[in-house]
Amino acid sequence: MARIKQFVNVLGLLTVVALLVAIVMAFKKDWRVAAADFVARSLGTNSVAASVDPHAGHQPQQATAEGEERIVLTEQGRWSAGIELGHAERKPYERAVTFPGIVRTRPGRSIVKVPAPLTGIVTRVHRERGEAVVPGQPLFDIVLTHEELIKDQAEFLAALQKAKVLEEEIGRMRSISEGIMPRKELLNREYEFRQLQAELDTFRQVLQLHRLPAEQVANIERNRKLVESLTVYAPEASPDHVCRTAPDLLQIQEVAVEKGQQVTVGEPMCILADHCELQIEGSAFEDEAKVLHEAVQGDRPVAAVFETEDGGKKQVRSVPGLRVVWVDDRVDQESRTVRFGVRLPNEGLVYDKTEGQRRFIARQFKPGQRCKLQVSVETLKNCLVLPLTAVTEDRVQSCVFVQSGDTFALKVVKVRYRGPTEVVVEDSATGITPHDVLVVKGAGQLLAAIRSGGALQSTCDCGQQH
């Protein structure tokens, strides 16, 4: 009796487990069909994987007689999915080798340090960090406490006063008749006056070596007063500074002093940046240095590719027409790489605004940005070039979508070369022409919509069994 009761309990338990497994399998199947239908409806397509027919996912997804898969997408569906259209181009293509690079300042050109010309106390700071200035604009006011300068000014004033008295005496002597005043005495006074003029010229040069502007030295002579304060002005830009959008414009990168601070001769007061032209420092392995040498000798073009994130979307910007300027003559012992430099024009301004009497700017490229340098090694003529985003990968093959009305056909392409922004495809293997309208953004979404239909077998050459 106990054995019969135990058998009944086991049988009941097996029955409950079987029911649970059946419920789970049914729920899983309905979930897949519902998910496929949701993806298709969100793209505005007429997916054949409808939830009404649970066996619809086993049907081919709109295959044509030519063996192409197609998907119908309305204009509203294209807009909601962010689909963008474009064309292929037939043009020359620069096959290039890609190297990593980082934007840097130009040594001895991009940074201008402004030192304190004399010992003194800062009484006013005219500018602030980030502000743009032009040569000749005031930066700081200093009250002078330099003992040597004060001494030289005093001696200069004394010499000026002595020269004035001597000049008046010579004039008086010339007005007296020759019989009363010996001519030798007049000649001695004139010789002494010339010596004093030579000393005054020396004093003027000494004061200018103290960084007193020539205008202030002239004021000392004119007003017979010592210079008590000094204004420090923005210096001239680099001699090879060439910028059409903002000529001779320097940006204050750092202010190193405060009002009331004591400064000594040569102490840095601020740092100005001239980023109108920067350089990109690239790195290549030792066996790739030959490519760089040939690029310098052959004046081959270089393109800098910058990748940024904007609202979660990847943005790619290419700067063509650059050149390799120098290649380092040594190999770094740690990284085993060779450094090389590419000049980067940076004339474009992100913004240029004025607040009161202050001007602020921001340039497009900044030191520290990373990029990819494409150094051309070969020019291919008459190539079929597509945007990189037009090509989507379907496992082992590359495909594109070609538009015909509201229908988008999936076609296989054979990629010859793939760059950061463009792709070169084989003409014979695609059948695509520059007149065809292609999906250049969102091709991966369309491919996912087709594959989510649950087709067990596809007639597309790039499709796989599901």
Name the lysines eligible as straight-distance cross-link partners of Lys113: C-alpha to C-alpha under 16 Å, and not fewer than 8 places from it in the same chain. none
Determine the gain in length on full extension of the stretch Leu186-Leu13; use 0.36 nm per residue of separation and subtract their C-alpha separation, reporting nm with one decimal. 48.4 nm
Give the lysines reachable from Lys184 as a straight Cα distance under 24 Å; neighbours fewer than 8 places away on the same chain don't count. Lys162, Lys164
Sticking with the crude label model, points 7 Å out along Cα→Cβ, report the distance from Asp436 to Leu349 in nm, one decimal please. 4.6 nm
Distance in nm between pseudo-label sites at Arg90 and Val134 (7 Å out along the Cβ direction from Cα): 5.2 nm
Which of the peptides 159-166, 120-127, 407-414, 353-360 is most tightly packed, and how do the rest follow, judged by the mean count of other Cβ atoms within 10 Å per residue? 407-414, 120-127, 159-166, 353-360
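In debye, nearest 20, what is the charge dipole magnitude of region 75-164 about its Cα centre with +1 on Lys and Arg Cβ and -1 on Asp and Glu Cβ, if you could check? Write out the running numbers ahead of the final one.
Numbers: 14 positive and 11 negative charges, 65 e Å.
Taking the Cα centre of region 75-164 as origin, the dipole is about 320 debye.
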For Glu147 and Gln297 in one chain, what is 0.36 nm times their gap in residues minus the Cα-Cα distance, to one decimal in nm? 48.3 nm
Pairs over 29 Å Cα to Cα, from Lys290/Lys381; Lys225/Lys259; Lys381/Lys414; Lys290/Lys372; Lys91/Lys366; Lys313/Lys414, come to Lys91/Lys366
Could you give the length gained on full extension between Gln161 and Thr74, defined as 0.36 nm per residue of separation minus the Cα-Cα distance, in nm? 21.8 nm
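Given all pairs of different Cα atoms, what value in angstroms does the Kirkwood hydrodynamic radius of region 111-273 take? Intermediate values should be presented prior to the final figure.
Details: mean 1/r = 0.0536 Å⁻¹.
Taking every pair of different Cα atoms in region 111-273, averaging 1/r and inverting gives 18.7 Å.
Each reported figure results from applying straightforward, stated rules to the coordinates on display, with no laboratory input. Remember, predicted model here, so these are calculated numbers, not experimental data. Methodologically, a virtual Cβ is constructed for each residue, glycine included, from the backbone with ideal geometry; neighbour enumeration extends over all protein chains shown.
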